[in-house]
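The values are calculated or read from the model by the stated rules, or taken from the named source; none is laboratory data. Computed from a predicted structure; not experimentally measured. Here the Cβ positions follow ideal geometry from the backbone for every residue, glycine too, while neighbour counts run over all protein chains shown. Surface accessibility is based on the protein's heavy atoms, side chains included, excluding ligands, DNA and RNA. Shrake-Rupley method; radii C 1.70, N 1.55, O 1.52, S 1.80 Å.
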Protein chains: 2
Amino acid sequence: MMKTHHCGALGKEHVGETVVLNGWVQRRRDLGGVLFIDLRDRSGLIQIVFNPDFSGEALETGDKARNEYVLAVKGKVVERDEETKNPNLATGEIEVQVTEIEILNQAKNPPFFIEDGIEIDESLRLKYRYLDLRRPEMQKTLWLRSKAAKVFRDYLDENGFIEVETPILTKSTPEGARDYLVPSRVHPGEFFALPQSPQIFKQLLMVGGLERYYQIARCFRDEDLRADRQPEFTQVDIETSFLTQDQLQDMMEELVARLFKETKGVDIPRPFQRLTYADAMGKYGSDKPDLRFGLELKDISDLVANCGVKVFASVIAGGGQVKALNAKGCGNWSRKELDDLQPFAARYGGKGLAWIQVKDGEWKGPIVKFLTPEEIAALTERLEAEDGDVLLFSADNKKVVADVLGNLRLKIGRELGLIDESQYKFAWVVDFPLLGYDEEEKRYVAEHHPFTRPREEDVHYFDTDPGQIRAQAYDLVLNGYEVGGGSMRIYKRDVQEKMFQALGFSKEEAQEKFGFLLEAFEYGTPPHGGIAFGFDRLVMLLAGRTNLRETIAFPKTASATDLLTDAPGPVEEKQLEQLSIKVAIKQPAGKA
Amino acid sequence: MMKTHHCGALGKEHVGETVVLNGWVQRRRDLGGVLFIDLRDRSGLIQIVFNPDFSGEALETGDKARNEYVLAVKGKVVERDEETKNPNLATGEIEVQVTEIEILNQAKNPPFFIEDGIEIDESLRLKYRYLDLRRPEMQKTLWLRSKAAKVFRDYLDENGFIEVETPILTKSTPEGARDYLVPSRVHPGEFFALPQSPQIFKQLLMVGGLERYYQIARCFRDEDLRADRQPEFTQVDIETSFLTQDQLQDMMEELVARLFKETKGVDIPRPFQRLTYADAMGKYGSDKPDLRFGLELKDISDLVANCGVKVFASVIAGGGQVKALNAKGCGNWSRKELDDLQPFAARYGGKGLAWIQVKDGEWKGPIVKFLTPEEIAALTERLEAEDGDVLLFSADNKKVVADVLGNLRLKIGRELGLIDESQYKFAWVVDFPLLGYDEEEKRYVAEHHPFTRPREEDVHYFDTDPGQIRAQAYDLVLNGYEVGGGSMRIYKRDVQEKMFQALGFSKEEAQEKFGFLLEAFEYGTPPHGGIAFGFDRLVMLLAGRTNLRETIAFPKTASATDLLTDAPGPVEEKQLEQLSIKVAIKQPAGKA
């Protein structure tokens, strides 16, 4: 029996037609000798009916079917009686009167029911991912992902980008995250690395004159995983030559707007807001601010530098800062609620969180007594404090203050319902610092990556104060997530050498790790720059999900395991021998 | 200066316009104080002119430019004088009179000239791949590849296929080629494997009800490389549910025909020829026959079973066969040419190659005297022997005869110019044997892979003569290359278990390696089947190349090395420690 239609594609316009359907038994009901089955395929459900009047032997066969059996059925589409129409089902006005049936395969009772919104342990879903994928919400997300990839490709194709595949077996360049390594059989003792991104190859494609490149590329990072990380992930990888940063950003805005239009039907206003890194950190305590609500942080260091609150004054004297957040209308928070903010602040490194309640024109709280009326007046003005507000203060170094108040801002925003979940608020964050000082390693590390171009006017700081250099880098931020990031790249050998030097590479190290790139820069490298979009995360946001695993057909757990195939796993000794490696598990200390 | 046009896109219609171009210096000529530069970008070349009359200071700057310098120039498009027009250049009717110039980057003299058809060592090209990629023929091939991917995607998208990404970090299932392994840091002593294909995942997607899947997928095989193999390669991976083999083949024909139409403008006649494996081996001595010419092998075992040529008779008595090839019109081959065929035959395992020249109505050659007139008459008829022909005979077991005469057929076809290089001759080869007996391992191995569905009517042979089972498998063959291969898959647990048993797996082994798949078959697996196209090879054939490396931006050498980045390479001891492995290089025997 050759399938003629998808189950969910049938409607009143097919009444009278004989159709053949292939699908799975969603549920069955036997009502007085008449068998009703909801048949499911990837398009949806349809009710098929077995009745002695028209089904003949098919009824007997159909009766053997259980949930998740795979059926092929032939039958006539008829309109249902008015009273049996089901408005909750897209195909609810019709049903199919079965005249022939073939059971294509049987099924055991599945470990969970195939429907949306099931509340079961995620590990069970991952172990039986092939059943989980039958659920409509999973199918919908995977189709959205497929569609999103197509929109990216169509746009890039129309705009003169060439798709190029770059190697997965490549060289280890341990700067940044840990590499996954692949032992070489042909070259004993040597290793390939899986790419953390196609960065170097895409730059070499620009040296190669391809001018506009893209790839939806698999990337790998052997890091300790969080909910929004996977050991292998997908990025839409883009590189261009001869464009300015503004031109590239404009083009990428157009691309992203089209993505949201074609997948969600949403119009995204352009141009996107552009925020400097300094502003983003200053106002929102984050380089990926959620701009769907205000609740901005205010620096009050100047107002409290000499005040009677000792911790404020001493932090400022020590080079730190004091900032505040006005939680509008939260003046009625209980003492317990205010106390609970202390451990929250501590989670982000804060040593405490001072608070002041504004009630009936009066300021209340432990620190109020140390403030002069003039200071209170100045703070009232700066923080726009009114009756019913709570003012929250963090005093520490810049980073801790940003972390504490930035996260507090998000928490309060969520709790007060300030966030309009239907909104998509994009922004570019620009002018990132090129280098950050790593206290542990006692050296500068690249904030973006070692190939990021410094702003022309800051290059001289390489010799005096590398931390001052601003990068020609830009992150695309959406609703508090970084969904893309890129930069203009260094394309002159001397600048790249300065950069490696600033990162603490010796000439020999730079030569050994990146000699081929330095050499490439000497053969006519065009000015170039690019961006990479986090594809999994974009799909997650498009799908309205909060977990990357929901957007990936076969994801890994937080301990980098595939519960379905049980990977990783042991291998045969012979395989290791061929690769010239041995397992060498270190005994935990004390067990040796 | 903001680029306005591509160099190669300019034509007479732009005369009078002021344009800005970005590109590389292809060559420069100084003629009496006037400077001519051929400027190149990915679209082609244009002549730009610096003349004291209109260039001002730009002439001085332009004069510093050398080959492969990167320039931005502004200037007016003018028509060339009639006598200076260059009909060999697409833009040869015009030139650009430069008024402004910026040298965007300098270049050392490149190690080879950036033009088509250079004859230099390939290893130099691979080391400087970024320069090699600037050559027009490389750009053309990469664009063709990008375009081919788009045609695949467009067709599959229009036909209801969903693109799904499957894992690269997966489980080692050592059946077939060697796996690349990836040590796990989180699970000491355990390993991921890079996929040889997404086979199991695409089948699980069918179990998951996605019905039509595709992916342009990277695959990995750690094998000893030949000219047409790469350690990582790309396949267009396709799987469908509920289709018959014929339906799937029809759809794939339509897809391939569209690919050739849209990339080459060629109409491929359909339906494609379908040949059984037995016929292909019998007539062409190959399961991927080049059908652009005839020169078929003829079985003459019946005619010579009792003849006076002892080697013929004894081979047949021993279960072998004798086949012949009529090299039409080669009767004038010299004795030396005929003798040279002996080592050729030996290369394919042949112990010799008997020959007979037909000249002036007479048969000549060492074996003629052992044949009766009746035998000669019968052979004349079977082989359609005429004056001027040479008959070539191979007597051995089936495999050797096929190898010797199959390769001889190709050699003669090429040498006699029988092959029309402009033709694309597609065919399906079907009815492959399911299992082949591996003399070394003393067991059956899967000819396609262990998930291939046997023909229904042959299943009973599992218990009696597994070598007899024909598979529901099909290869797509083009001009002597296998460009795709697929099969209907097993979808019932009991059949899959029989298959594993035939392959010599114990129940425990089958469970350990493929338990999750066997279990999946119990939860309502639909009938399914698919195909994979060798994307690199298809692009190679589309581009008219003979080496896969020409179709890949950053390929590896035959010893699996990337000459550009120098991968694989040594890694830091710390990295290995984190992965709980050690290098353990075996001393070659005798050195221990």
Using only the alpha-carbon atoms of region B:449-489 as identical scatterers, what base-10 log of I(q)/I(0) does the Debye formula give at q = 0.17, 0.19, 0.22, 0.25 Å⁻¹? -0.52, -0.60, -0.72, -0.81
Each label sits 7 Å from Cα toward the beta-carbon; between B:Gln247 and B:Asn306 the label points are separated, in nm, by 5.4
Delta accessible area of at least 20 Å² on complex formation, residues of region B:505-524, 1.4 Å probe, chain isolated as reference: B:Phe516, B:Glu519, B:Glu522, B:Tyr523, B:Gly524
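Could you work out the helix-only [θ] at 222 nm for the protein assembly as shown, with each DSSP H run of four or more residues adding -39,500 (n - 2.57) and the total divided by the number of residues, to the nearest 500 deg cm²/dmol?
One gets -8500 deg cm²/dmol as the mean residue ellipticity at 222 nm.
Largest first and in whole Å, give the semi-axes of region A:196-297's equivalent ellipsoid, each being the square root of 5 times a Cα gyration tensor eigenvalue.
They are 27, 21, 16 Å, listed from largest to smallest.
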Label 7 Å beyond Cα on the Cβ vector: B:Glu223 copy-to-copy distances, nm: 3.7
Given a Förster distance of 60 angstrom, what is the FRET efficiency for A:Glu13 paired with B:Gln468, based on the Cβ-Cβ distance and rounded to 0.05? 0.75
Pseudo-label separations to other copies for B:Asp340 - Cα-to-Cβ vector, 7 Å, nm: 9.1
Across A:Lys171/A:Lys574; A:Lys108/B:Lys513; A:Lys3/B:Lys507; A:Lys283/A:Lys513; A:Lys64/B:Lys171; A:Lys298/A:Lys359, pairs whose alpha-carbon gap is larger than 28 Å: A:Lys3/B:Lys507; A:Lys283/A:Lys513; A:Lys64/B:Lys171
For region A:417-461, what are the per-bin percents of Cα-Cα distances with bins 10 Å wide, up to the bin holding the maximum? 20, 35, 19, 19, 6
If I require 20 Å or longer along the helix axis, counting alpha carbons, and a Kyte-Doolittle average no lower than 1.0, what helices from chain A are left? Use full DSSP H segments. none
Approximate shape of region A:213-255 as ellipsoid semi-axes (Cα gyration tensor, √5λ), whole Å, largest first: 28, 12, 9
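Other chains near A:188-199: what is the mean number of their Cβ atoms within 10 Å of each residue's Cβ?
Mean number of neighbouring Cβ atoms from other chains: 5.
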Cβ neighbours within 10 Å from other chains - mean over A:385-398: 0
Computed log₁₀ I(q)/I(0) - Debye formula, equal Cα scatterers, no solvent, region A:468-572, q 0.14, 0.20, 0.22 Å⁻¹: -0.85, -0.97, -1.07
Points 7 angstrom from Cα along the Cβ direction at B:Leu518 and B:Gln501: gap in nanometres? 1.1
Extreme residue, positive dipole direction of chain A, given options A:Tyr424, A:Leu371, A:Ile238 (C-beta unit charges): A:Leu371
Put a point 7 Å out from Cα along the line to Cβ at B:Pro269; what are the distances to that point in the other copies, in nm, shortest first? 6.3
Which residues in region B:339-358 have a backbone N closer than 13 Å to a point placed 7 Å from the Cα of B:Ala377 along the Cα-to-Cβ line? none
Short version: ³J(HN,Hα) in whole Hz for each residue of region B:160-165, in order, from phi by Karplus 6.51 cos²θ - 1.76 cosθ + 1.60 (θ = phi - 60°), x for Gly and Pro, what are they? x, 8, 9, 8, 10, 8
One would report the antiparallel percent of DSSP beta bridges in the protein assembly as shown, rounded to the nearest 5, as 90
For chain A, what is the convex hull (Cα atoms) projected area averaged across all directions, in square nanometres? 38.1
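Heavy atoms only, probe 1.4 Å: what % of the accessible area of the protein assembly as shown goes to carbon and sulfur, would you let me know?
Carbon with sulfur: 47 percent of the solvent-accessible area.
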Based on a Kirkwood Rh over C-alpha pairs, give the Stokes-Einstein translational diffusion coefficient of region B:379-503 at 25 °C and viscosity 0.890 mPa s in µm²/s. 141
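So if R0 is 22 Å, what FRET efficiency would B:Glu122 and B:Glu223 give, r being the distance between their Cβ atoms, rounded to the nearest 0.05?
Numbers: r = 20 Å, r/R0 = 0.93.
The formula returns an efficiency of 0.60 here.
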Shielding by partners for B:141-147, please: the mean number of other protein chain Cβ atoms within 10 Å of each residue's Cβ. 4
Rounded to one decimal in Å, the inverse mean reciprocal Cα-Cα distance for region A:333-383, i.e. its Kirkwood radius, is 12.3
In Å, the Kirkwood hydrodynamic radius of region A:251-353 over pairs of distinct alpha carbons? 17.1
Antiparallel versus total DSSP beta bridges in chain B: what percent is that, nearest 5? 90
Tell me, what HN-Hα J-couplings in whole Hz come from the Karplus equation 6.51 cos²θ - 1.76 cosθ + 1.60 at θ = phi - 60° for each residue of region B:552-561, using x for Gly and Pro? 10, 4, 10, x, 10, 7, 5, 9, 6, 10
Per residue, what accessible area does region A:374-433 have, given a 1.4 Å probe and all protein chains present, in Å²? 44
Given the C-alpha centroids of region B:133-156 and region A:109-130, what is the distance between them in whole angstrom? 41
Between A:Glu79 and B:Lys364, what FRET efficiency follows from the Cβ-Cβ distance if R0 is 60 Å, with the result rounded to 0.05? 0.10
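In square nanometres and to one decimal, what's the mean projected area of the convex hull around the Cα atoms of the protein assembly as shown?
63.1
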Roughly how many whole Å is it from the C-alpha centroid of region B:353-401 to that of region A:199-264? 65
State, to one decimal in nm, how far the label point of B:Arg545 lies from the label point of A:His460, with both points 7 Å from Cα in the Cβ direction. 4.9
Among the aspartates and glutamates, which have Cα under 19 Å from the Cα of B:Lys12 when same-chain residues fewer than 8 positions away are ignored? B:Asp38, B:Asp41, B:Glu79, B:Asp81, B:Glu82, B:Glu83, B:Glu93, B:Glu95
Can you tell me the alpha carbon radius of gyration of region A:429-522 divided by the globular rule-of-thumb value 2.2 N^0.38 Å? 1.10
Under 5 Å between amide H atoms, partner at least 5 residues away or on a different chain: which partners does A:Ile300 have, H built in plane at 1.01 Å? A:Val322, A:Lys323, A:Ala324
Residues of region A:95-120 buried by at least 30 Å² on assembly (accessible area, 1.4 Å probe, chain alone as reference): A:Leu104, A:Asn105, A:Lys108
Please provide three numbers in whole Å: the alpha-carbon extents of region B:1-94 along the principal axes, with the largest listed first. 29, 29, 22
Applied in sequence order to region B:321-332, the curve 6.51 cos²θ - 1.76 cosθ + 1.60 (Karplus, θ = phi - 60°) yields integer Hz couplings, x standing for Gly and Pro, of 8, 10, 10, 9, 10, 9, 7, 4, x, 9, x, 8
Rounded to the nearest 100 Å², what's the accessible area chains A and B bury against each other, both chains counted, probe 1.4 Å? 10800
